[in-house]
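Let me begin by presenting the structure, written as structure tokens, before commenting on it.
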Amino acid sequence: MNKTENKQSFKLLINATLVYILAYLLIYVMHQVATVFVAWDFWIDSKVLYYTISFLSPRSSPLWSFDATVSVFLAGPIISLLLGMIFLTTVNWLTKYKPHLLNLFFIWCFLHGFNFFFGGFIDGILTNTGSSYVAKIMELSEVIIIDLIIIAVYLMFLIGGYSSKIFILYSRGLKATTAQEHFRLFTIHFVLPWLIGSTVLILYKAPQFPLNELLIHLTMIIFLGPALYYHQQLKKSNVPVQPIRQHHRIRWELIALVIATLAVIRFGLDEALVINNPVI
């Protein structure tokens with residue numbers, strides 16, 4: 001690629017990474033809000049920090065009934081799944097229109113939504129948080145839990161395979177006409193933004209590094225893996241790479257929005273926000 005082409009690719013990468021971070025924050029915030037709200041509805045007090053939610057009512061409290069445990073720890077994943085389905089429907093509708101950063105935002109929202117549901121289940125089991133509490137109170141055997149993990153991974157692979165079509169249509173809308181160009185645009189818009197965006201979001205929570213935060217980013221690989229493999233196979237067709245034909249610019253308004261959102265969450269929740277029910 002020539003110098004001009006490198007500049008265009010760099011601008012696309014910056015914009016795509018910003019969109020990845022914004023989409024993650026939207027699903028993350030909705031996941032946390034749903035969890036806190038349902039806990040509040042069951043009279044369970046919670047403490048919200050920029051990196052986690054902790055509950056002030058001990059696990060031995062009678063407030064943690066069967067219904068409360070299942071509802072609280074499934075509220076976030078379920079709202080994430082619903083948002084993922086809504087954004088997926090929106091993405092399928094928008095594929096007939098010219099690609100825009102809004103399309104890319106919806107694609108990442110749908111992927112994050114499904115990842116917080118399926119990947120969140122796996123992360124909870126591995127870190128003994130969230131979904132593990134539901135499994136314990138439902139007295140699920142290890143065999144059933146392993147089966148559910150296998151099913152979750154299988155469904156994530158299926159969704160990732162289906163996403164390949166969405167990625168191809170998005171790249172085609174950017175005038176990608178060759179296999180190599182599809183692979184390059186897929187890397188610029190999805191693989192590198194995931195890698196860079198995840199790193200930024202993990203370091204953003206320093207000095208706290210929650211293990212489930214790391215895992216929720218890693219499980220995204222299961223969605224991107226099938227599409228990456230498909231694009232890698234296309235790349236072997238040895239068709240000459242065509243240049244990116246459109247002029248792109250760095251969206252400074254997105255940079256400002258990402259910085260402002262991260263600052264509000266970090267500094268606004270640096271001191272714990274306690275959510276409790278008033279004593280009557």
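Every number in this text was worked out from the coordinates using simple rules, so none of it is lab data. Bear in mind that the values here come from a model prediction, so they are computed numbers and not experimental data. Here Cβ is always computed from backbone atoms with ideal geometry, including for glycine, and neighbour counts include all displayed protein chains.
A few points about this structure:
- Helix 3-41 and the long axis of the chain differ in direction by around 20°, with both axes built from C-alpha atoms.
- Residue separation of ASP147 and THR52 scaled by 0.36 nm, minus their Cα-Cα distance, works out to 31.4 nm of gained length.
- Legend: ranking of residues TRP64, TRP43 from fewest to most surrounding C-beta atoms inside 10 Å; resulting order TRP43, TRP64.
- Helical content alone sets the calculated 222 nm signal of the chain at -23000 deg cm²/dmol, taking -39,500 (n - 2.57) per DSSP H segment of four or more residues and averaging over every residue.
- With K and R counted +1 and D and E -1, the other residues having a Cβ less than 13 Å from that of ALA16 yield a net charge of +3.
- Legend: ranking of residues HIS100, HIS31, HIS112 from fewest to most surrounding C-beta atoms inside 10 Å; resulting order HIS100, HIS31, HIS112.
- Within the chain, longest stretch clear of exposed trypsin sites (Lys or Arg not before Pro) (DSSP loop, no more than 14 other Cβ within 10 Å): 97-174
- Loop-exposed GluC sites (Glu not before Pro) per DSSP, neighbour cap 13 Cβ within 10 angstrom, longest uninterrupted part of the chain: 1-138
- Legend: ranking of residues ASP45, ASP147 from fewest to most surrounding C-beta atoms inside 10 Å; resulting order ASP147, ASP45.
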